[in-house]
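Step one of this worksheet: look at the structure below.
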Amino acid sequence: MSDSPPEESGPEVPQPEEPLVEDASPEGEDETFHEPDNQPIRHEMATSRQEWQERRQSLDDLYADELSSPGTRDLSGRVSNRVKKGNLWFAQGDIHVGQGRPQPTATINELTETEIADLRRTLVPTQSQTEIRRLLDSQRLILLGGAAETGKATTALAALLDWGGRVSWIMPYGASTPNPRDWKLESGHGYLLDLVDTPNAVDRVTTSLKRAGVNADYRVIVLVPEHIQSSIAPVIEHDPPPNRRIFTKHLSVQASGVRLAVDDQQILDEELRALSAPWQVVELVRQVAATMESGSPIETMLNRRFHRMRAKVGENLEKRRPTLGRCFMTSIAVLHGLPEAEISGAALALAERLDEKWRRDHSPKSVQLWENLPAWLKYVDAEATPVGPGGGRNIRLRRPELAAVMLRVIWEDQPTIRDSLVDWLIWLGGEGSWHTRIKVGHAVGKLATFDFSLVNERFLEVWSRSRRSRDHQLAALALEAAAENPSMTRRVHLHLDSMIHGNDAKKAIAIRAYASSVGLSAPDQALAAFRTLVLSRGVKFHRDVAQSIAYLYRRNTAPIIMNHLADWVRDGGAVGRRGAALAFGRLVALPVSSPERPHPSDLDPHPSLVMLWRNALSYEEEGGLVVPESWDLLLNEWLRHYGERPTVREITDQIFSLTDARNAERALLYLRLWRHHGEISAELHHHLRQLVHRS
């Protein structure tokens, strides 16, 4: 799932030499988790910001030639329109709605007249649509099965529109299973519900729907996996429309009146035969329309598409020279953008592993040495660029989108090296720098979009049995990258939901994974999981949770986060107050404020801000504040805005007016210290001091 980095501009920050988390415990000991050594919050947030930005850049490179994910499955284009409080993305494939504000289990959004008109204008009718429409006259509930990403939702919506003219999408939220008892479905209305990712819930949910609809005149179509059986409602198997018909229909809409040359149509027919999903056809139409408008050759555009690039990579892999070139291709597919020494060293390490395996089995000659780097660079169409005086060189592909293509071809078309590749990736992630770990974790996540079950078995389960925190980070990065694929987002949510209920290692992985677009797509789900861990698992996860909450902080998530933290303070006892203090301290220590991530002092006053500030300024353990920088943050991130920001004035006056005896003494001490050092004016010092004395 695509999301912008927390901050995209601002002063440079020092690079961390190690990951933000420390090893949990030495190998061989019982599985225990310890909080990392305390670091100043500002330093911690600065290093976090750089890591977040590097992660975002890595994902952008890995998905450079694919659609970004808004957190929905079967995405079919990037047309975005407002639907009540949510967004709608649609095209000839499937239609999905992403709600702007989270709801407990599902959101219900009605398609507007504009979206309905666009759907009908580009619709390619199918036999399954005709059959569903016939059944809708007598059946309130119908199941539509079929393979993923074949346009089932579009077919279902078209049938519902033909029946009643009004249709809404019921979208399960995060990993939640929809509960029909929570819905108020309207008579004369058609509804679409997607249960493809939760086949075990089909019988229960459809039974509830059947019972709820006894006296109602509405219709519901439920999307289910292919070949599913049901005794509750009739099941129709979807027949996807031919790619050529989808292409022709959409091209007539997007490039009306334009005719393709015979040669162009022939090469486009070849490309269409290689596509497997309607949304891919729609994307090709958009590229063709843009190419024709610009006057560029269709052939040039096609050469940059996935299937052409894949064929070229496959041809290169068949070449026997240079001997180590294929290992270098694999290394740069994972690590492109990193220093030449890391990429070359990783390539040699892979070559040695392969050589050892095949010499043991078949006794060929050892790998050839003295290969030159320029030959490798030419082989993969890469370049080595100097970083600066004494900084060495970084290696980048001239076309970054080739990295994902190389990775896929190597994984899918070279099964004989797969075991060695798995071992190499696990070794590389465990031994490399934090930059390398980001690349390795994301590469494994990309592999998960090809075969999630295999990657779960060979990577995620291995890392979730580890006691090393860096392995937990790798697993979280892999899940973050997998969720960038819109068809995998809900599966990742379901996987994280199970991990939250697993062992401590799995919990640690889930916490880190939620600090990504996964958590941003379902912040209530992430925060509910954090609450459970903070309030029930002692203090072992508090700092990791605080860091993840800082990542999830955005303008639209700020009220949700503040509400949750306030609940921890009110209802969570000592551990809740501690967790809230750590998380809130990181929110007010944001290194850079931006429109997307404004500092809390830039927001409208939240009812819980005073409570959260007072908790952070006063909560102690073992005789010291849990957030020792809290008063410094109050001064430098809050009081300096006292004169120009109404929120700051309102909240500050309440903070200093509502203090217990111990906190009043601390407040007077800091006020005296700040005035002595000239940090605050005499007027502000007198005003705040008077508030404390009157409290």
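The values are calculated or read from the model by the stated rules, or taken from the named source; none is laboratory data. Note that the coordinates shown come from a computational prediction; the quantities given were computed from them, not determined experimentally. Glycine also receives a Cβ, built like all others from the backbone with ideal geometry; neighbour counts cover every protein chain displayed. Accessible surface is based on the protein model in full, side chains and every heavy atom, while ligands, DNA and RNA are left aside. Shrake-Rupley method; radii C 1.70, N 1.55, O 1.52, S 1.80 Å.
Side notes on the structure shown:
Condition check ((1) under 19 Å from Val626 (Cα atoms); (2) polar (S, T, N, Q); (3) within 22 Å of the chain's Cα centre (by Cα); (4) modelled with pLDDT under 95) across all residues:
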site	(1), (2), (3), (4)
Asn503	no, yes, no, yes
Leu527	no, no, yes, yes
Arg531	yes, no, yes, yes
Arg577	yes, no, no, no
Val588	yes, no, no, yes
Glu596	no, no, yes, yes
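- Residues located in the range 220-250, provided they are open to solvent by 70 Å² or more (accessible area, probe 1.4 Å) and farther than 29 Å from Glu283 by Cα: Gln229, Ser231
- Output for the range 477-495, where each listed residue is of a type in the set (S, T, N, Q) and closer than 17 Å to Gln525 by Cα: Thr489
- Identity of the residue in the range 195-212, in a helix (DSSP H, G or I) and aliphatic (A, V, I, L, M), that ends up nearest to the chain's Cα centre (by Cα): Ala201
- Entirely in the range 484-558, the helices (runs of 4 or more DSSP H) that have 3 or more residues that are without any contact (Cβ under 8 Å) to a residue 60 or more places away in the chain: 489-499, 504-514, 523-536, 542-552
- Residue in the range 657-664 that is surrounded by fewer than 21 Cβ atoms within 10 Å (Cβ to Cβ), among the β-branched types (Val, Ile, Thr), in contact with a Ser or Thr (Cβ under 6 Å, 6 or more places away or on another chain) and at pLDDT below 90 present: yes
- Pick from the range 585-602, criterion in contact with a Ser or Thr (Cβ under 7 Å, 6 or more places away or on another chain) and in a helix (DSSP H, G or I), ranking: most open to solvent (accessible area, probe 1.4 Å): Asp602
- Residue count for the range 251-295 under the criterion of being open to solvent by 20 Å² or more (accessible area, probe 1.4 Å), part of a helix (DSSP H, G or I) and under 22 Å from Pro125 (Cα atoms): the result is 9.
- Here Leu369 fulfils each of the conditions (1) closer than 21 Å to Trp424 by Cα; (2) outside any helix (DSSP H, G or I); (3) modelled with pLDDT of 80 or more apart from (3).
- Of all residues making up the range 448-475, the number that are closer than 14 Å to Ala515 by Cα and open to solvent by 10 Å² or more (accessible area, probe 1.4 Å): 1
- Applying the criterion of being crowded, with 22+ Cβ neighbours inside 10 Å and closer than 19 Å to Gly188 by Cβ to the residues of the range 118-141, the residue that is farthest from the chain's Cα centre (by Cα) is Ile132.
- Within the range 559-597, the only residue that satisfies the criterion of being in contact (Cβ under 8 Å) with a residue 60 or more places away in the chain, among the charged types (D, E, K, R) and under 16 Å from Leu527 (Cα atoms) is Arg586.
- Test: residue in the range 213-223 that is under 27 Å from the mean Cα position of the chain (by Cα) and touching a residue at least 60 places away in the same chain (Cβ under 8 Å): yes
- On inspection, Leu494 fails the criterion of being aliphatic (A, V, I, L, M) and in contact with a helix residue (DSSP H, G or I) (Cβ under 6 Å, 6 or more places away or on another chain).
- Qualifying residues in the range 442-468 (those that are under 18 Å from the mean Cα position of the chain (by Cα) and among the β-branched types (Val, Ile, Thr)) - the one farthest from Ala482 (Cα to Cα): Val455
- Figure legend. Inter-residue proximity from the range 603-630: first residues free of Cβ contacts under 8 Å to residues at least 60 places away in the same chain, second residues of a type in the set (D, E, K, R) and assigned to a loop (DSSP other than H, G, I, E, B), beta-carbon distance below 8 Å, spacing 6+ or different chains. Indicated pairs: Leu603/Arg555; Ser618/Asp660.
- Only residues that are within 34 Å of the chain's Cα centre (by Cα) and not in a loop (DSSP other than H, G, I, E, B) were counted across the range 603-624, and they come to 9.
- Matching residues in the range 399-432 - criterion: being of a type in the set (Val, Ile, Thr) and surrounded by 18 or more Cβ atoms within 10 Å (Cβ to Cβ): Val405, Val409, Ile410, Ile417, Val422, Ile426
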